[in-house]
């Protein structure tokens with residue numbers, strides 16, 4: 001019962017609360033990075049626990065190599081977002097009324 005309570009409170013409710021908070025306070029690219037890299041982080045932590053001697057866990061399989069594509073896609077999205085952010089900052093800012101009229 002205790003592992004189930006931990007899973008519900010921390011892995012579900014806590015995670016979604018933190019993700020919602022991050023959506024309000026962090027740049028979208030950082031939230032995207034967290035969402036995309038969460039399975040990778042879980043895999044790394046599992047391997048560390050297995051190497052430390054924790055029983056009952058199995059090493060990740062070959063499917064864990066899928067993180068390479070996820071990571072490369074994430075790098076491309078973040079670089080494009082940075083480029084777009086820099087381009088947006090280079091534009092002259094217009095007063096609110098003029099920008100709404102366009």
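Going by the conditions given, is residue 76 closer than 28 Å to residue 20 by Cβ and either modelled with pLDDT of 85 or more or not in a helix (DSSP H, G or I) (or both)? Step through it out loud before you land on a result.
Working: closer than 28 Å to residue 20 by Cβ: yes; either modelled with pLDDT of 85 or more or not in a helix (DSSP H, G or I) (or both): yes.
So residue 76 passes the test.
Being more than 17 Å from the chain's Cα centre (by Cα) and either exposed (fewer than 13 other Cβ atoms within 10 Å of the Cβ) or outside any helix (DSSP H, G or I) (or both), is that true of even one residue in the stretch 30-51?
In the first step, residues of the stretch 30-51 are kept if they are more than 17 Å from the chain's Cα centre (by Cα); the result is 46-51.
After this cut, where a residue has to be either exposed (fewer than 13 other Cβ atoms within 10 Å of the Cβ) or outside any helix (DSSP H, G or I) (or both) as well, the list is 48, 51.
Within the stretch 30-51 (the criterion being more than 17 Å from the chain's Cα centre (by Cα) and either exposed (fewer than 13 other Cβ atoms within 10 Å of the Cβ) or outside any helix (DSSP H, G or I) (or both)), the answer is yes, since at least one residue qualifies.
Each residue in the stretch 63-81 was checked for being surrounded by fewer than 11 Cβ atoms within 10 Å (Cβ to Cβ) and either in contact (Cβ under 8 Å) with a residue 12 or more places away in the chain or closer than 12 Å to residue 43 by Cα (or both), and 2 of them qualify.
The values are calculated or read from the model by the stated rules, or taken from the named source; none is laboratory data. Predicted model only: the values in this text are computed from it and were never measured. Ideal geometry is used to build each Cβ from the backbone, glycine not excepted, and the neighbour counts take in all protein chains shown.
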